[in-house]
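See structure below.
Each value in this text was obtained by applying a stated rule to the coordinates, not by laboratory testing. A quick note: this is a predicted structure, and the numbers were derived from the prediction, not measured. Here the Cβ positions follow ideal geometry from the backbone for every residue, glycine too, while neighbour counts run over all protein chains shown.
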Amino acid sequence: MPKTYNAKKAIIEANRSVKFKIRKGDTVEVISGTYKGKRGEVISVDRALGRVTVKGVNLMKKTVQKSREHQKGGIIEREAPMHIAKVMIVSAKTGKATRIGRKIVDGAAKRFERSSGELIDK
């Protein structure tokens, strides 16, 4: 019997060795799509699927049943994950979206802004 193609497994396998430069807690700006130009804080990063969840961006409506967490139930709005390539980190110095690089400082890999050369990780 031939093997079937599983897109999700292929994405996970492709991202296995990739190092993502965006982390939880970073302030990012959406650079493409419906929410282009919106800014928010990264809530979570799914490294296996290459997706990030940004606070206040890419909102979706979800129906929930009554529970201890949701007393009334009904429809709630929450953030959905988006592809990591759709966001860029915002520079603390200039306030603009900037690219990120890595360099070794004191034996540890640190992130820095490509535009100003300033370290992100202190």
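Which whole-number percent gives the relative contact order of the chain, counting Cα pairs below 8 Å spaced six or more residues apart?
Values: 200 pairs, mean separation 21.9, N = 122.
About 18 percent, as a whole number.
What shape does the range 21-89 have by the C-alpha gyration tensor, where a ≥ b ≥ c are the square roots of the eigenvalues, rounded means a/c under 1.5, and otherwise prolate means a/b greater than b/c and oblate the rest?
Values: a/c = 2.52, a/b = 1.97, b/c = 1.28.
Prolate.
Calculate, for residue 38 and residue 92, the FRET efficiency according to 1/(1 + (r/R0)^6) with r their C-beta to C-beta distance and R0 22 Å; round to the nearest 0.05.
0.75
The chain: D in µm²/s via Stokes-Einstein (Kirkwood Rh, Cα pairs, 10 °C, 1.306 mPa s)?
For these conditions, the coefficient is 95 µm²/s.
What FRET efficiency do you get for residue 21 and residue 68 if R0 is 25 Å and r is their Cβ-Cβ distance, rounded to the nearest 0.05? Working shown, then result.
Values: r = 38 Å, r/R0 = 1.53.
That pair, residue 21 with residue 68, gives E of 0.05.
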